[in-house]
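No value in this document is a laboratory result; all are computed from the given coordinates. None of these values were measured; they are calculated from a predicted model. Cβ atoms come from the backbone with ideal geometry, glycine included; neighbour counts cover every protein chain shown.
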Amino acid sequence: MLEPLKIEPTHKTPKVYLDPKNNHFELSGRSIPEDSVGFYKKILDWIDQYGKNPNPKTEVKFELEYFNTSSSKNILELLKKLEKIYQDGNDLKIIWYYDEDDEDMQETGEDYKALLSVPLELMMKVY
């Protein structure tokens, strides 16, 4: 089984927790890394590996507070890789969380949903 990918959050990078053994897939926090391509490369590579032998059911949670333009391109690439796993006949769902008063994050989730064929559920955070 693929080893988990765990990246602790910083004030510029999100928490990344990709653990197939415990079926826990999450990106949360802020994503404004200096080198967005470099930061997301290991995540994208990991998803490529995961896609070769995914769990019977995968649910990926995005709980981002804020991300910059370069991060958004990498997040879209990540979503497209997840979409490919789904299109290959695997049970996969994405949950996009947003704060009640964060219309930008809600609209971003709606935009991604419109671009993709993978099930993407928009969920308001409850505190």
Dipole of the chain [Lys/Arg +1, Asp/Glu -1 at C-beta], most positive-end residue of Q106, S31, L82: L82
Which of H11, H24 has the fewest Cβ neighbours within 10 Å, and the rest in rising order: H11, H24
Loop-exposed GluC sites (Glu not before Pro) per DSSP, neighbour cap 16 Cβ within 10 angstrom, longest uninterrupted part of the chain: 35-99
Difference of contour (0.36 nm per residue) and Cα-Cα distance, K15 to D101: 28.8 nm
